1. Search region 106-125 for residues that are of a type in the set (S, T, N, Q) and pair each with any residue that is not in a strand (DSSP E or B) when their beta-carbon atoms are under 8 Å apart and the residues are at least 6 apart or on different chains.
2. For residues in region 51-70 being among the small types (Gly, Ala, Ser) and surrounded by 13 or more Cβ atoms within 10 Å (Cβ to Cβ), which is farthest from Arg203 (Cα to Cα)?
3. So, of the residues in region 181-209 that are assigned to a strand (DSSP E or B) and over 15 Å from the mean Cα position of the chain (by Cα), which turns out to be nearest to Arg220 (Cα to Cα)?
4. Could you please find all residues in region 174-193 being hydroxyl-bearing (Ser, Thr, Tyr) and at pLDDT 95 or above?
5. Quick one: Phe207 ticks every box in (1) touching a Pro at 6+ places or on another chain (Cβ under 8 Å); (2) crowded, with 19+ Cβ neighbours inside 10 Å except a single one, so which number is it?
6. Condition first: of a type in the set (A, V, I, L, M) and either surrounded by 21 or more Cβ atoms within 10 Å (Cβ to Cβ) or in a loop (DSSP other than H, G, I, E, B) (or both). Now tell me which residues in region 140-161 satisfy that.
7. For region 96-136, which positions are in a loop (DSSP other than H, G, I, E, B) and either within 19 Å of the chain's Cα centre (by Cα) or under 17 Å from Ile62 (Cβ atoms) (or both)?
8. Six or more apart or on different chains, Cβ atoms under 6 Å: show the pairs whose first residue is in region 26-50 and farther than 21 Å from Gly204 by Cβ and whose second is aromatic (Phe, Trp, Tyr).
Amino acid sequence: MRRFVVAAAAALAACGASFATPAAAAVPGASAFDIYMNGERVGRHVVTVARAGDDVRADVRIDMAGKVGPFSFTYAHRCTETFRNGALAALDCEDKEGRRTKTLTARSDAGRISVRASGQEKTAPLGVLPSTWWRAQTVGAKELLDTRNGKVLPVRIRTVGPETVQTAAGPVAATRYQLEGSTRADLWYDRDGRWVKIAFRLRGQSFEYRMATAPDAAPRG
């Protein structure tokens with residue numbers, strides 16, 4: 001059971017050129033997604049983006065609780081991203097899986113990003129994006145920084161095409177992208193580069209994010 005929760009959490013936290021705007025130009029906002037597993041609501045994912053002086057700060061909150069067969073699970077993820085001059089400058093994350101707590105910190109330093117996760121020191125390249133999905137620049141990425149374990153994950157992302165996504169505020173026109181890496185996922189962004197949906201399968205379980213807030217209020221960058 002614990003292996004399933006770890007993998008699911010990694011996919012949730014980790015899981016076009018016209019969107020390639022610098023982080024410094026990010027538009028503040030907030031969005032919330034209800035998380036469904038096999039059609040049943042098991043949690044919520046909230047992203048809040050604001051300016052802090054010349055920096056852009058994004059706060060991510062994930063809370064889940066549910067059952068897989070006879071086994072119950074709980075999971076909470078908190079992550080704060082700081083972007084400076086268009087690049088990731090700092091990352092502070094915490095995972096709570098049942099009674100287990102893990103932390104991750106990352107800082108831009110001397111031409112690289114120094115990462116500390118689970119007591120281990122790692123490095124990541126400057127300009128890497130964290131695996132938090134809210135930025136449409138994700139669709140142009142070749143690698144992502146996993147916000148649970150600090151690993152740099154190679155990814156391949158292709159455009160599937162235009163689709164209509166249902167949100168709490170009604171249908172919205174979006175473009176669907178397919179991500180392949182340690183986890184395969186489908187991502188949807190609207191025409192303004194706002195993240196409006198993600199869906200994936202993991203170990204026989206189907207996960208889907210359904211947007212619970214108006215797309216116009218969502219952050220973009």
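1. The qualifying pairs are Ser108/Leu126; Ser118/Asn149; Ser118/Gly150; Gln120/Gly150.
2. Per the stated criteria, the residue is Ala58.
3. Among those that are assigned to a strand (DSSP E or B) and over 15 Å from the mean Cα position of the chain (by Cα), it is Asp190.
4. Passing the criteria: Thr175, Tyr177, Tyr189.
5. With (1) touching a Pro at 6+ places or on another chain (Cβ under 8 Å); (2) crowded, with 19+ Cβ neighbours inside 10 Å applied to Phe207, the lone miss is (1).
6. Here is the first cut: in region 140-161, the ones of a type in the set (A, V, I, L, M) are 141, 144-145, 152-153, 155, 157, 160.
The answer is Ala141, Leu144, Leu145, Val155.
7. Selection gives Gly98, Pro125, Leu126, Gly127, Val128, Ser131, Thr132, Trp133, Trp134.
8. Within 6 Å, the pairs are Phe33/Tyr209; His45/Phe33; Val47/Trp134.
The values are calculated or read from the model by the stated rules, or taken from the named source; none is laboratory data. Owing to the predicted nature of the structure, the values given are computational and were not obtained by experimental measurement. Glycine also receives a Cβ, built like all others from the backbone with ideal geometry; neighbour counts cover every protein chain displayed.
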